[in-house]
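The values are calculated or read from the model by the stated rules, or taken from the named source; none is laboratory data. Predicted, not measured: the structure shown is a model, and the values here were computed from it. In this analysis, Cβ positions are derived from the backbone assuming ideal geometry, glycine residues included, and neighbour counts consider all displayed protein chains.
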Amino acid sequence: MTKSGPGGPKARARARQERDGVKYTRALRGAAAGAQDRFGGHEFEYEQFNDLFRCTECGVYELAARGADGAIAPCPGLAGYGGDTERVYLLLTQNPDFPYRTAFLACEVRATGIGRAPRFSWRDGRLLVESAPSVVDELARRIEQITTTVDGRPVPAVSRIDRLTAEAGRAVIEENHAAYVAERGEPA
Ligand SMILES: [Zn+2]
């Protein structure tokens with residue numbers, strides 16, 4: 001009896017690894033798609049003062065988004081997108097000379113009302129930002145204007161802006177998610 005070769009333990013371990021890898025990738029995709037389907041892409045958060053859930057993106061209440069049959073209308077995204085359901089992305093390279101942290105940049109982007117940093121958008125000095133085709137030029141213009149003053153000179157927050165299609169943007173999020181899970185495990 002041989003210990004290697006196509007039927008040996010090493011080959012079986014390798015096959016198991018490959019199979020688990022595929023299952024793992026499918027599970028990740030399924031989990032992401034499942035959450036998307038179940039809530040129609042809305043990001044409902046609890047509002048204590050009225051005991052209701054409201055989408056932080058489009059502002060609709062869950063009760064209003066859900067029809068009589070329980071089905072939920074898809075989230076149209078940020079109110080600033082003006083109902084444009086197409087998505088495009090900007091990949092921002094943070095200027096290493098900029099003194100504030102990434103959270104600052106993500107907050108500044110969110111404050112424009114026409115872009116946001118989705119989950120798993122930050123990795124290796126780069127921040128992925130979602131927007132809509134109708135407003136992405138304006139968003140890029142405003143991001144270029146984010147500066148702070150160091151030693152009397154303006155320092156831009158971002159040293160480079162790359163424009164990505166919806167597919168390319170989602171691929172970046174998937175890569176970042178996979179890298180996060182590999183390093184720290186699935187987030188709660
Ligand atoms: Zn929504």
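Here are a few things to note about the model shown:
- Qualifying residue in the range 13-34 (condition: surrounded by 11 or more Cβ atoms within 10 Å (Cβ to Cβ), modelled with pLDDT under 90 and in a loop (DSSP other than H, G, I, E, B)): no
- For the range 44-61, a residue qualifies if it is assigned to a loop (DSSP other than H, G, I, E, B), within 11 Å of the ligand (Cβ to nearest atom), on the phi < 0 side of the Ramachandran plot and more than 18 Å from the chain's Cα centre (by Cα), and exactly one does: VAL60.
- Scanning the range 64-84 for residues that are within 12 Å of VAL135 (Cα to Cα) and away from the ligand (no atom under 11 Å from the Cβ) turns up GLY80, GLY82, GLY83, ASP84.
- Breaking point among (1) within 26 Å of THR165 (Cβ to Cβ); (2) among the small types (Gly, Ala, Ser); (3) at pLDDT below 95, for ALA132: (3)
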